[in-house]
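Worksheet: one structure, shown below.
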Amino acid sequence: MPLARSIHTQTAITLIAFTVCALALPCAAQTAAPAAAALQNLDTALLAANCTTCHGPGGQPPAGSSGSIPALRGQGSAALLERMQAFKAGRVAGATVMPLLMQGYDAAQMQALAQWFAQPAKAKP
Amino acid sequence: MPHLQRRQLLASAAALAAPAFVRAQGASARVVVVGGGFGGATVARYLRRWAPQIQVTLVEPAERFVTCPFSNHYLAGLRPWDSIQHGYDGLRSAGVQVVHAHAKDVDGARRQLRLDTGQVLHWDRLVLSPGVDMRWGALEGYDQAAAELAPHAWKAGAQTQLLRRQLEAMPDGGRFVMVIPDNPFRCPPGPYERASLVAHYLKRHKPRSKLLLLDAKNNFSKKELFLQGWKALYGDLVEWISLAQDGQVVRVDAPALEVETAFGARHKADVLNVIPPQKAGLIAERAGVTDASGWAPVRGENLASERVPGMHVLGDAALAGPIPKSGFAANNQGKVVAAALAAELSGRPAPTAWYANTCYSLLAPGYGISVVGVYRAQDGRLIDLPHSVGVSPLDAPPAHRAAEARQGADWYAAISADIWGG
C-alpha cells in the first residue's frame, strides 16, 4: 500500500517537525517540507478555529463588539503564550471562561496557537 | 501498533473510495451540505477557505436564518427580531453555492440529494446538519396543531414570535407554564435561560404573575447557578418542579391550556410553552444515518456517520458523546468536518479533531453565567479533556456576572460573523 505508507510517513515527518517547532523558541521551522507544513497548518488552523468562535473571524472581534473578548490577532506570540499559561495556572484575576478552557490545550498546542495569532492578518485569515 | 494499522486502513479506504478521491485530483470534488445553521453554514464556509478547489453547495430553506441562541432575549423584549437573523450573502461571497430549498430525500447508492423543488444534487460527500425535529405525539396531545396553541418555540421563527405575542397578551397575575423534556435535547441550558428572561419580563411588566417550570429531570445544566440567580433576582416568581416533585408532564390539552403530570396533577396556564422530546431532523432519518435513539452516531475523529459511508453528521442531530447540543459546539464541529473533508478530498493526512464549547446564559441584563468544555476524539469516541469541563462559580461577585453577560453578547456577534459574515 504505497499510498498509505507515504501518507503515514508524511504524518511522522510532520509530527517531528511540529515537536521541534513547539520546543524551539522562537520557531522558524515553518520551512518544513510543503506537505508537512500543510498538515501542520491545517491542524493549527483547526485548533485556532476553536478560538475564533468567541474572539471573532481571524481572531479579531467584529464590528459592534463591546470589546469584552479581546483581539488575538496581532498580539505578540510571547504575550499570547504567557497569557494562556497564566489562565491555565489560574493566575489571572477576574478571569471567566479561559481558566477552564485552557485546561484543554497542552504546551505544544498553546505554542502553536500563540504563533498562529501573532501572524499578521491575511485577506481571508 | 493498532494506531498505525488504523491509519493505514483509513488511508487505504480513502484511496478505494470511489470517484471523489479521483475527482479531487482533477480539482472538483462536490460536497453538499444540508442545513444552513450553526453547523452546516460553518462547514460550507470553512471548506471553501481550506480547500477552495472543492465545489460546495449549501441547502437551506430560509433566506434569513433565525438563531435559537439569543431568541430568548427577543422573547423578553431585550433584542429586536432583526438582530437574531442572518442572511447568506456572506457565504455566497465566500464561493458557496446556496440553494434555498427543502432537502427531501437521499439516495446513498447514487450519491444524490433530492430537493422539494425537484432539483437533484450530486455529491461526493454529503454533510447533514439538519438540527432537530419535534417528536410529535411522544407527549400525549402534543402535535403540530397543538403547537399553534401551546408553542414550543424551540426552532426559532414563527413559533418564537407566537410565544412572544402570547407573553405580551398575558394578563398581569397570569401564569406562564413551561414544560421541559428529559435529556437529550437541543440546548441543555436553554429552557432555564428562557425561564430567567421570561421572569425578567414578568417582573418588569406583570409583577403579579407566576412562572411554573415542569421538568422531566431532577438535574439540569448550570442548575445551582440558575437556582441561586432566580432566588436573588426573582424571589418566588419562578417555581421549578423537578421529576421527583412530580414535574414530568405526560399529557397536554392545548385547547384548554392545561397539562397533566405523571402522578395526575393538573396545571392550568395562561401561556403554555411546551418543549417536547426531540430527534435528529427528518432528512437524517431519510439518509439512514440515525439509529433507534433518533439521533445519528458519528466517529469522533471526523464526525463521519457510523452507519452510512460518504456522509458526515454534526450539530444537534449527531450523537456526539459528552459534547452538548449547542450552537457553539455545532460551529466547532463544522470546522472539524471542513478540515477532515479538505484533507481527505485533496489527499492530505487527516487533521487532529479538537472541539471546544462555551455556552453563556443570561439570567437578567447584566447577569450572565457560563458552562465550558474541551473535547477530543479517542478510538472513534469523543471524550472531554481533564479539568476543562465546568461552570461559573457560585456566589461570584456582580462584576463576574456582568462580565459574562457582556461576553455572551460579544460571543453572539463573533460567532455570527464567523459563520454568516455578520
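The values are calculated or read from the model by the stated rules, or taken from the named source; none is laboratory data. On a predicted model such as this, the values are computed, not experimentally measured, just so you know. Using ideal geometry, Cβ is built from the backbone for each residue, glycine included, and neighbour counts are taken over all protein chains shown. Accessible surface areas use protein heavy atoms only, side chains included; no ligands, DNA or RNA. Shrake-Rupley method; radii C 1.70, N 1.55, O 1.52, S 1.80 Å.
Here are a few things to note about the model shown:
- Inside the range B:178-198, residues that are free of Cβ contacts under 8 Å to residues at least 60 places away in the same chain and buried (at least 22 other Cβ atoms within 10 Å of the Cβ) make up a count of 1.
- Out of A:G67, A:G58, sole residue that is within 12 Å of chain B (Cβ to nearest Cβ), assigned to a helix (DSSP H, G or I) and more than 23 Å from B:R376 (Cβ to Cβ): A:G58
- For the range B:96-106, the criterion of being surrounded by fewer than 21 Cβ atoms within 10 Å (Cβ to Cβ), among the hydrophobic types (A, V, I, L, M, F, W, C) and assigned to a helix (DSSP H, G or I) is satisfied by no residue at all.
- B:P184 being closer than 19 Å to B:S71 by Cβ and of a type outside the set (S, T, Y): no
- Candidates in the range B:82-95 are the residues that are touching a residue at least 12 places away in the same chain (Cβ under 8 Å) and open to solvent by 50 Å² or more (accessible area, probe 1.4 Å); of these, the one that is farthest from B:L363 (Cα to Cα) is B:S93.
- Meets criteria (touching a helix residue (DSSP H, G or I) at 6+ places or on another chain (Cβ under 6 Å), free of Cβ contacts under 8 Å to residues at least 24 places away in the same chain and surrounded by 14 or more Cβ atoms within 10 Å (Cβ to Cβ)) for B:R79: yes
- Test: residue in the range B:226-245 that is over 21 Å from B:E404 (Cβ atoms), touching a Ser or Thr at 6+ places or on another chain (Cβ under 8 Å) and in a loop (DSSP other than H, G, I, E, B): yes
- Among the candidates B:A350, B:A403, B:A399, residue that is farther than 19 Å from A:L101 by Cβ and touching a residue at least 12 places away in the same chain (Cβ under 8 Å): B:A350
- Considering the range B:397-422, and only residues there that are within 7 Å of chain A (Cβ to nearest Cβ) and charged (D, E, K, R), the residue that is nearest to the chain's Cα centre (by Cα) turns out to be B:D418.
- Counted residues, the range B:316-349 - those being surrounded by fewer than 22 Cβ atoms within 10 Å (Cβ to Cβ) and within 10 Å of another protein chain (Cβ to nearest Cβ): 3
- Matching residues in the range B:119-177 - criterion: being touching a residue at least 24 places away in the same chain (Cβ under 8 Å) and among the β-branched types (V, I, T): B:V127, B:V132, B:T160, B:V177
- When the range A:78-119 is limited to residues that are part of a loop (DSSP other than H, G, I, E, B) and away from every other protein chain (no Cβ under 13 Å), the one that is most open to solvent (accessible area, probe 1.4 Å) turns out to be A:R91.
- Test: A:T31 is among the polar types (S, T, N, Q) and modelled with pLDDT of 95 or more: no
- Some residue of the range B:264-271 being touching a strand residue (DSSP E or B) at 6+ places or on another chain (Cβ under 8 Å), within 14 Å of another protein chain (Cβ to nearest Cβ), assigned to a loop (DSSP other than H, G, I, E, B) and open to solvent by 10 Å² or more (accessible area, probe 1.4 Å): no
- Top-ranked residue of the range B:374-396 - restricted to ones that are under 25 Å from B:K231 (Cα atoms) and more than 8 Å from chain A (Cβ to nearest Cβ), ranked as most open to solvent (accessible area, probe 1.4 Å): B:D395
- Selected residue [among the aliphatic types (A, V, I, L, M) and either assigned to a strand (DSSP E or B) or more than 27 Å from the chain's Cα centre (by Cα) (or both)] from B:V289, B:V250: B:V250
- Residue that is farthest from B:Q228 (Cα to Cα) [pool: residues in the range B:350-373 that are more than 8 Å from chain A (Cβ to nearest Cβ) and touching a Phe, Trp or Tyr at 6+ places or on another chain (Cβ under 8 Å)]: B:N357
- Looking at B:S370, B:S326, just one residue is more than 20 Å from B:P130 (Cβ to Cβ), among the hydroxyl-bearing types (S, T, Y) and either touching a residue at least 12 places away in the same chain (Cβ under 8 Å) or in contact with a helix residue (DSSP H, G or I) (Cβ under 9 Å, 6 or more places away or on another chain) (or both), and that residue is B:S370.
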